1. Take the Cα radius of gyration of segment A:19-142 and divide it by 2.2 N^0.38 Å, with N its residue count; two decimals is plenty.
2. Grab the alpha carbons of segment B:105-198, take their convex hull, and tell me the volume per residue in Å³.
3. Taking the 0 to 90 degree range and rounding to the nearest ten, how far is the long axis of helix B:212-225 tilted relative to the main principal axis of chain B, both from C-alpha atoms?
4. Which of the pairs A:Lys115/A:Lys141; A:Lys141/A:Lys169; A:Lys137/B:Lys110; A:Lys169/A:Lys211; A:Lys244/B:Lys100; B:Lys194/B:Lys320 have their Cα atoms more than 22 Å apart in this structure?
5. Show me, bin by bin at 10 Å from 0, the whole-percent P(r) of chain B based on Cα pairs.
6. Could I get the Rg over Rh figure for the protein assembly as shown? Both from C-alpha atoms, Rh via Kirkwood, rounded to two places.
7. Return one quarter of the surface area of the convex hull spanned by the alpha-carbon atoms of segment A:159-240, equal to its mean projected area, in nm².
8. Using every Cα-Cα pair within segment B:1-90, state what percent have a distance larger than 16 Å.
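Every number here is computed from the coordinates shown, using simple stated rules; none is lab data. A quick note: this is a predicted structure, and the numbers were derived from the prediction, not measured. Note that we place each Cβ from the backbone using ideal geometry, even for glycine, and neighbour counts take in every protein chain shown.
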Amino acid sequence: MSRIFQLEKYNKEFLLGLLEEMVLMRRFEEKAGQMYGLQKIGGFCHLYIGQEAVATGSIAAVDLTKDYVLTTYRDHGHALSCGMDPGVLMAELYGKVTGCSKGKGGSMHLFDKEKHMYGGHGIVGSHIPLAVGIALKIKYKEEDGVVLCYFGDGAIHQGAFHESLNMAKVWNLPVVFICENNQYGMGTNFERVSSVHDFYIMGDSYGIPGKQVDGMNVLEVYEETLEAAKRARDKGIPSFLEVKTYRYKGHSMSDPGRYRTREELDEYRNQDPITLLRDAMVEHNLITEDEYKAIDQQAKIESNRAVEFAENSEEPDLAALYEDILV
Amino acid sequence: MPIITYREAVRDAIDEEMARDDNVFLMGEEVAEYDGAYKVSQGLWDKYGSKRVIDTPITEEGFTGVGIGAAMAGLRPVVEWMTFNFSLMALDQVINNAAKMLYMSGGQFKIPIVFRGPNGPAEYLAAQHSQALQSLFVHIPGLKVVAPATPYDAKGLLKTAIRDDNPIVFLEGELMYSWKGEVPQEEYLIPFGKADIKREGSDVTIITYSKPLKVCQEAAAELERIGIEAEIVDLRSLRPLDEKTIYESVRKTNRCVIVDEAWPMASVASHVGWLVSRNCFDYLDAPVELVTGEDVPMPYNHRLELAAQPSVKKVVNAVKKVLYI
């Protein structure tokens, strides 16, 4: 698949910011996978490698002083895009008290109320109505915000998804539904369990504009989110973006990914979202190979620091078991 | 003191709290234009408009989740389930989102929300529309569960519920909506976790809550005629539970019957029965007796459905059993 990157319309700092963010995600996730292998992290750990352009491009299009983000259990990338500290995130993966959820949420439940990162949710599709509720609050309080709600292709068939689209349209709420179609709901290819194979048309069922977006092209994700967010903000029209992407790793750490071929994986590695942006920037003389290496090195350093912070942090006190059950 | 219905007491509580706090709003099926399936919300749409009294599609999981999201973001929703039978469609939202959000976010997100509506058996409605589901909610840490039986308690507890920063499950009853009682005009609140002695007595403690209160009061009147003075403890609040009042009463009467219209297994009755057996063991002159809903789905036939529920006769017999008469 060939892609045209029209970089002329963007300033260099913006493009560098996207690139740095995606590289940090990649290195952070690789480190998380490594630490999982060393049994420093337990339970479910869903890596975002391959999907970096989706969170990076879309969250770059909103203003988190007034806008909101909700996502699934595959939430490390979104948390980083929301500006959460890699050390605090890694500490949460470690279950340490310095983690964003004090070690009681883990990989799947990253939250930062201040930064408008509203989770980190573990039940497929169950957070989509929450996003509509936050959008309801925005309208109720006559604010200017937009909610970005992410979910996977697996959530498409949950009732909560359809109920949410309907209510968002009936009440004209400022929410952008973003399906990160990474093509596998756990180990099942979406085409095997879906009556339609282009999900974006489902927006039509609810009178909501739907669009298919190239999730390997961070700038396309950015532009489409910008447009959908503007429509939500200015006119109260919800949108549904189906962002086609791919995860290189298994569903979670316990998944060797035997349901797909080497060839398929290679095909997607050849359209890696980081490589595509980097190559386009090199071609446009916006970055040199050495400068890219420096970015990559910096991402590795930050990921190592995150591990160091998590390693040196304390376990929660046993008394924390009984804290934060009720206000 | 004015006498009003349970329905009016619930309505007045919502009305007063909506007037007091702009962040309070009501949502659910038929709550606005139709004035409520059971007319609880009658007049509120006229008064507050569509922004604050919101008709939803028939989509319990969806609108329950919308309420929880709005609560995460700072509003104070009152979510009406037309009946608790339909709350089963929304259980994932209540258990996985409302009850756990504070805990799994490390204390960042409180969920100030009230889920309310009629619970418990009604009449001629058969298995899917006539059931007492409180045991499911009482089981869950992170929720508070209240079940008032009188208009006075309903109003005072609902106002407290709407002001509470936690998710509250508020159990009303279809057959209780027309019950009448004294309710003062001036504002009052009833704190959670306080049981109420609805009748004082020295011979036996009858612990109950919600609709079976009336059955227990009738049973106590019948027992009085044969010289038995029953004390009735109305729990009102199931989580938190007022263990102190329960134990004080049982330690005084030395005998305990628990009346609960829910199914017996893993129920409020079985839990309180265990607590009493453990904490009042040395005071008990007889094993604790339970009178619960029969362990069957609710039948349509009236004779059968009455047989499936706690009755005056069943309560009187249980009291006689713990008194060995």
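1. Working: Rg = 14.2 Å, N = 124, 2.2 N^0.38 = 13.7 Å.
The value comes to 1.03.
2. Numbers: hull volume 11.4 nm³, N = 94.
Roughly 122 Å³ of hull volume per residue.
3. Around 20 degrees separate the two axes.
4. Flagged as over cut-off: A:Lys244/B:Lys100; B:Lys194/B:Lys320.
5. Per 10 Å bin, starting at zero, the Cα-Cα P(r) for chain B comes out as 6, 27, 34, 23, 9, 1, 0 percent.
6. 1.05
7. Average of the hull's projected areas for segment A:159-240 equals 5.5 nm².
8. Values: 2091 of 4005 pairs.
I get 52 percent for the Cα pairs in segment B:1-90 exceeding 16 Å.
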